[in-house]
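The values are calculated or read from the model by the stated rules, or taken from the named source; none is laboratory data. For clarity, every value in this text was computed on a predicted model and none was experimentally measured. Ideal geometry is used to build each Cβ from the backbone, glycine not excepted, and the neighbour counts take in all protein chains shown. Only protein heavy atoms, including side chains, enter the accessible area calculation; ligands, DNA and RNA are left aside. Shrake-Rupley method; radii C 1.70, N 1.55, O 1.52, S 1.80 Å.
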Amino acid sequence: MPVLDVQHIEKHFGATRVLEDISFSLEQGQALAIIGSSGSGKTTLLRCLNFLETPNQGKILVNGEALFDADDPATQREAEVRKKRLHFGLVFQSFNLFPQYTALENVTLAGELLAKERPDFKQNKKAILEEIRIQGQALLERMGLADRAGHYPHQLSGGQQQRVAIARALALQPDILCFDEPTSALDPELTGEVLKVIRSLAEQKTTMIIVTHEMAFARDVADQVIFMDGGVIVEQGPARQVIENPREERTRQFLSRYSEN
């Protein structure tokens, strides 16, 4: 059973059809890269998976459970959607860290908010918060930022901020970690440090979806690649096959244009 099964997702904004009949699956421990030109629907697809947008049609299943079904209003209740977002960790293009919080506080904030809903929180508040702090510190250490836990975002480089954002996404132990162009806001010299972290996560068999314009990275790190154009999946398959020997003409044209830039 795949950890993620996306079935016939469509998303429209008025008369504009942004996603049409999007279907794919992802196995536990796989990394999927999604490539395509600006406006092809890549980010909208991630936002649908994270329930930041509501699809007009289709289903989204995680571990066999229907988290979203356009034909079942019960799966679209806001209280349920909030819980379902926990299945996905999302790393944005522009970091989206809270400037008033330290790196460690950014990582632990969501866990602390959720902990307050636990029936035993008042009784065990100190121990619960200490456990969350220890886990957050361990994640920062995993990102190579153990000595930056007390720093605020403005005291960190762009690459360090993005690594804090990755730690924050991992903190709630999502089933699937999603990246939306994670290096697009970085200077070239900082891109490598973020890609190194994502490569390490792939080696550790973290289940991931990566929207990226880094073709060589996608080829070498992803298990599968999807090429999108005009809101549809044009081609999908093993990473090296799609990037080095694409079957579809639109894929070949995109990769050819990209290699020229």
- Query: Roughly what % antiparallel, to the nearest 5, for the DSSP beta bridges in the chain?
  - Reply: 60
- Query: Helix 121-142 sits at what angle to the longest principal axis of the chain, using alpha carbons and giving 0 to 90 degrees rounded to 10?
  - Reply: 50
- Message: Using the Kirkwood formula on the Cα atoms of the chain, what hydrodynamic radius do you get, in angstrom to one decimal?
- Response: 19.3
- Item | At q = 0.12, 0.30 Å⁻¹, base-10 log of I(q)/I(0) for region 79-138 (Debye sum, equal scatterers on each alpha carbon) | -0.36, -1.22
- the chain, relative contact order [Cα under 8 Å, separation at least 6], %: 26
- Message: Give me the percent of accessible area attributable to carbon and sulfur for region 49-178, probe 1.4 angstrom.
- Response: 49
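How high is the FRET efficiency between R247 and N124 when r is their beta carbon distance and R₀ equals 45 Å, given to the nearest 0.05?
0.20
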- Where only protein heavy atoms count, and the probe is 1.4 Å, what is the accessible area per residue for the chain in Å²? 49
- Query: Residues in region 221-241 near a label at K205, defined as backbone nitrogen under 15 Å from the 7 Å Cα→Cβ point?
  - Reply: 223
- Item | Distance between modelled label sites at S38 and H154, nm, 7 Å Cα→Cβ extension | 2.9
- Query: When the gyration tensor of region 102-189 is built from Cα positions, what are the square roots of 5 times its three eigenvalues, in whole Å, from largest to smallest?
  - Reply: 26, 14, 10
- Output the relative contact order of region 7-74, whole-number percent, from Cα pairs under 8 angstrom with separation of 6+ residues. 31
- Note on the structure: One finds, for F98 and H213 with R0 = 22 angstrom and r their Cβ-Cβ distance, a FRET efficiency to the nearest 0.05 of 0.20
